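Quick notes on the structure that follows.
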Amino acid sequence: MSPVLFCKSFNLYFGTNALQSRLITQSSYRKKVTEMLEIVYTDGGEPAEINYASAKDFVANQQLEVPDLEDYYVVVDAAVDGKPIELTDKTIFGLYNFLEDREHSE
């Protein structure tokens, strides 16, 4: 058996607990860093809801060529980690600007 395979085997067999504790630590860290974004919006019809793992995910998605939500959709309600967001511009574009400004001010 080559040393590389032996090391990989050794890490896989004996490193399981260390790997699990590292994954738990990383997931605990992610929970503190990420902030769930919940949006209730309407495009003129019935209200719909969409969730993002974080505000950053929403901002990144809105920058795509074809985003999930159109800029003109009306935001009925938005919350980050259950805390309501007060918007002056109650559109998806307004929410995007609010979150983008908040990210740059931190």
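Filter the GluC sites (Glu not before Pro) in region 44-104 down to the DSSP loop ones having no more than 13 other Cβ atoms within 10 Å, then list what survives. The qualifying sites are 65, 70, 86.
With a simple spin-label model that places each label point 7 Å from the Cα along the Cα-to-Cβ direction, the separation between residue 38 and residue 70 comes to 2.6 nm. Checking every one of the trypsin sites (Lys or Arg not before Pro) in region 36-106 against DSSP loop status and a limit of 16 other Cβ atoms within 10 Å picks out 90. Among the chymotrypsin sites (Phe, Trp or Tyr not before Pro) in region 52-90, those placed in a DSSP loop whose Cβ has at most 15 other Cβ atoms within 10 Å are 72.
Computed over the alpha carbons of region 36-99, Rg followed by Dmax gives 10.5, 29 Å.
The numbers here are math on the coordinates, done by the rules we state, and not lab data. Everything quoted here is computed from the prediction, not taken from an experiment. When we count neighbours, we look across all protein chains shown, and the Cβ atoms used for this are built from the backbone with ideal geometry, even at glycine.
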